[in-house]
Amino acid sequence: MKIATVSFNSVWENKKANLIHLERIVKSLKYKADFVVFPEMTLTGFSVSNLDFAEDFTNSDSIRIIKNIAKENQINIVFGMMISKGVNRYNSCIAVNRNGEIDGNYEKMHLFSYSGEDKLISCGNEVKSIPWRGGWGLSICFDLRFPELYQKLSKENLILVNIANWPKSRVSHWRTLLNARAIENQSFMIGVNRIGTDGNELAYEESSCIFSPTGDKIEPVEIADEIQLFDLNLDEAIEWRKKFPIENDRRNNIYKKFYN
């Protein structure tokens, strides 16, 4: 299966410019990729303080545009944006299929209190998987530091995804945690991070990558600007889980006591 990761350089708080750039990238991948994954808050950058950027999930112009882009180019798209549901606002990861339909919407569960994100938006409370080939488990940025989420997701998914705005100053943590999540869950771990500098003067470096279920960094088959194209063989995860069935040795009944 062909998956493209896009180390998107989001224009700060400029949805129009980012939607134009997103469409240009997706068009360039038509007939080349089955899936394309963009970073957290693709359309604005990590601007959680400006709550006016949240769009009503059931009546979003941006989502409607991306649905059309997916359908026109016959590509499944994962992207991030701030949405609203009633009075609540969420940092969301949305999966749109090639027919222009939403297959999943994950609302960030672990909010980044270090930046004050938890004071501004609501946290999600639902683990989200989508029924794409192999099963895909969704997560966002800071979630990566909480392995329990990925243990849950890996039970029904061979592919785990984290979309992020992870600063250059902590990028070694990003790579290490992505690798660990792949190894401990025997899953493909896709991490997609932005590049450039945001409106808070935080710098980001090219660090989008995919780790295999055995923990090896997978090399892209093609690279073009912000885009890396990968060809994944899901049988690798299936066979590795059979060959080295570490899940059988988990002590879930004991672990539950840790959280009481």
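Every read-out reported here was derived from the displayed coordinates using simple, explicitly stated rules and does not represent laboratory data. Note that the structure is a prediction, hence the values are computed from the model and not measured. Neighbour counts are summed over all protein chains in view; Cβ atoms, including those assigned to glycine, are modelled from backbone coordinates with ideal geometry.
The residue that is farthest from LYS152 (Cα to Cα), counting only those in the range 203-260 that are in contact with a Leu (Cβ under 6 Å, 6 or more places away or on another chain) and not aromatic (Phe, Trp, Tyr), is GLU222. Of the residues making up the range 40-68, those that are surrounded by 23 or more Cβ atoms within 10 Å (Cβ to Cβ) and hydroxyl-bearing (Ser, Thr, Tyr) are THR42, THR44.
How many residues are among the hydrophobic types (A, V, I, L, M, F, W, C) and not in a helix (DSSP H, G or I) when one looks only at the range 4-31?
Kept after step one, since they are among the hydrophobic types (A, V, I, L, M, F, W, C), are these residues of the range 4-31: 4, 6, 8, 11-12, 17, 19-20, 22, 25-26, 29.
With not in a helix (DSSP H, G or I) added as a condition, the list becomes 4, 6, 8, 11-12, 29.
Of the residues in that region, 6 qualify.
Residues in the range 82-132 that are of a type in the set (S, T, N, Q) and surrounded by 15 or more Cβ atoms within 10 Å (Cβ to Cβ): SER84, ASN91, SER92, ASN97, ASN105, SER115, SER122, SER129. Listed by first and then second residue, the pairs with beta-carbon distance under 6 Å, at least 6 apart or on different chains, first residue in the range 157-178 and under 22 Å from ILE77 (Cβ atoms), second part of a helix (DSSP H, G or I) and of a type in the set (Phe, Trp, Tyr), are LEU160/TYR150; TRP166/TRP174. Among the residues of the range 206-231, the ones that are buried (at least 17 other Cβ atoms within 10 Å of the Cβ) and more than 20 Å from LEU177 (Cβ to Cβ) come to 4 in all.
Whenever a residue of the range 211-236 is over 14 Å from ALA33 (Cα atoms), its partners that are of a type in the set (S, T, N, Q), lying with C-beta atoms within less than 6 angstrom and at least six residues away or across chains, give the pairs PHE211/ASN179; PRO213/GLN186; PRO213/SER187; GLY215/ASN179; ILE218/SER212; GLU226/SER7.
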